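Only one structure is covered here, and it is reproduced in the block below.
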Amino acid sequence: MVPVGGKPFLEWLLLYLKQQGIRDFVLSTGYLASEIEKHFRDGSQMGCRITYSVEEIPLGTGGAIKKASPMLDDTFLVISGDNYLPLDGKDFMRRFNQSKDAVGMICCWDNHPPLFRANALFDKANGKIRAYDFNESQGKTHVDVGFKIFNRGLFDFFPSKEVFSLEIDTMPELARQGLLLGYEVKQPPLDVGTLDGLDHARKVLTQGDPFHAKTE
């Protein structure tokens, strides 16, 4: 809900996704849940549909998806709420839908210049993520930049526990089994998780076309 150019950062993200043809959103909320619902309501004022999956306790990225699973379609996007990524969303979704045996696909960036810690080994020859480790960068070539797509086969890889991490507890196994694809993007995301990142996002989002924004 941090303000950027007169509206919350999340609103910029949802409006951008709407431009990509996405109209149905499930917001997984915890902190400031009531403020988020008060602002966005059912989404009709933005021309979309918004439902909410509220975490009474922090469930982790995997636990949040597990809780929201009854609300999700057969294929669904998973997007970090503090990242804004210049992306051809239609091509991203089309590429995944053309795959026959993958469970998921992540947007990945080659980390040049190095801005983040690499966590994925991307094989450009076959488009697969050969290894994924959120905590170990050695031998990794790319960064998971927070935009993902999955089918419901993902739920078969969830642990029985309620609180868990998608990136630590699930995605490494998808990569080991050859079920995780990569979609290489040419730019890193706008990340409002730091003050510098927030300042940069404010400059980019309020100065023209963020799809073609260049990082500093």
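Read-outs throughout are calculated quantities, based only on the coordinates presented, and are distinct from any laboratory measurement. As the structure is a prediction and not an experimental result, all values here were calculated from the model. For neighbour counting, all protein chains shown are included, and Cβ atoms are generated from backbone atoms with ideal geometry for every residue, glycine included.
Considering only beta bridges that DSSP places wholly inside the chain, some 60 percent are antiparallel.
Judged by the ratio a/c of the largest to the smallest principal axis of the C-alpha gyration tensor, region 1-68 counts as prolate, that ratio being 1.5 or greater while a/b is larger than b/c. Taking Cα centre as origin and charging only the Cβ of basic (Lys, Arg, +1) and acidic (Asp, Glu, -1) residues, the dipole magnitude of the chain rounds to 520 debye. Of all aspartates and glutamates in the structure, those lying under 15 Å Cα to Cα from Lys186, and not within fewer than 8 positions of it along the same chain, are Asp88, Asp91, Asp110, Asp144, Glu216.
For region 71-193, with only Lys/Arg (+1) and Asp/Glu (-1) charged at the beta-carbon, what is the dipole magnitude about the Cα centre, in debye rounded to 20?
Values: 14 positive and 18 negative charges, 76 e Å.
Dipole of region 71-193, to the nearest 20 debye: 360 debye.
Of the chymotrypsin sites (Phe, Trp or Tyr not before Pro) in region 15-92, the ones in a loop by DSSP (not H, G, I, E or B) with at most 13 other beta carbons within 10 Å are Tyr31. Residues of region 132-156 with amide nitrogen under 15 Å from the 7 Å Cα-to-Cβ point of Asp74? Backbone N within reach: 150-154. Between Lys140 and any residue 5 or more places off or on another chain, the built amide H atoms are never under 5 Å apart. Listed by chain and number, the lysines whose alpha-carbon sits under 30 Å from that of Lys66, ignoring those within fewer than 8 places in the same chain, are Lys7, Lys18, Lys38, Lys90, Lys100, Lys128, Lys140, Lys148, Lys161.
In square nanometres, what is the average projected area of the Cα convex hull of region 68-173?
With the hull built on Cα positions only, its mean projection is 7.5 nm².
Counting pairs of alpha carbon atoms under 8 Å apart in space and at least six apart in sequence, what relative contact order in percent does region 3-212 give? The partial results should precede the final answer.
On the way: 338 pairs, mean separation 51.9, N = 210.
Relative contact order here is 25 percent.
In terms of the Cα gyration tensor, with a ≥ b ≥ c the square roots of its eigenvalues, is region 75-134 rounded because a/c is under 1.5, prolate because a/b exceeds b/c, or oblate? Oblate. A viscosity of 0.890 mPa s and a temperature of 25 °C, combined with the Kirkwood radius over Cα pairs in Stokes-Einstein, give a translational diffusion coefficient for the chain of 137 µm²/s. Counting other Cβ atoms within 10 Å as a rough exposure proxy, the listed residues Val54, Val204 run Val54, Val204 from fewest neighbours to most.
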